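Presented below is the structure to which this report refers.
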Amino acid sequence: MRTYLSNASSTAAKLAFIRDANYWYVLDRDQPSPVFKLLRETMLSLDLQDEAARLFDIDL
């Protein structure tokens, strides 16, 4: 997944990944999976701090 995101040139592709991963994976804040961490990193790289803070309950 990380390779896909690093090669994805469009913001739309990255946003689609965030949407799909959020829909298909269970996000457990107590035991974050690699997907959980990758979603957060991707959202922050797209300057989506407010959305990441709501989804991951973090202070930015």
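The values are calculated or read from the model by the stated rules, or taken from the named source; none is laboratory data. None of these values were measured; they are calculated from a predicted model. Glycine gets a Cβ as well: all are built from the backbone with ideal geometry, and neighbour counts include every protein chain shown.
Confirm whether Leu27 is surrounded by 10 or more Cβ atoms within 10 Å (Cβ to Cβ), of a type in the set (A, V, I, L, M), part of a loop (DSSP other than H, G, I, E, B) and at pLDDT below 80. In short, yes.
Does Arg19 satisfy the condition of being part of a helix (DSSP H, G or I) and loosely packed, with under 11 Cβ neighbours inside 10 Å?
Numbers: part of a helix (DSSP H, G or I): yes; loosely packed, with under 11 Cβ neighbours inside 10 Å: yes.
Taking the combined requirement at face value, the residue satisfies it.
Yes/no matrix, rows are residues, columns are (1) modelled with pLDDT of 90 or more; (2) touching a strand residue (DSSP E or B) at 6+ places or on another chain (Cβ under 9 Å); (3) surrounded by fewer than 15 Cβ atoms within 10 Å (Cβ to Cβ):
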{"residue": "Arg2", "(1), (2), (3)": "no, no, yes"}
{"residue": "Pro34", "(1), (2), (3)": "no, no, yes"}
{"residue": "Thr42", "(1), (2), (3)": "yes, no, no"}
{"residue": "Asp47", "(1), (2), (3)": "yes, no, yes"}
{"residue": "Asp57", "(1), (2), (3)": "no, no, yes"}
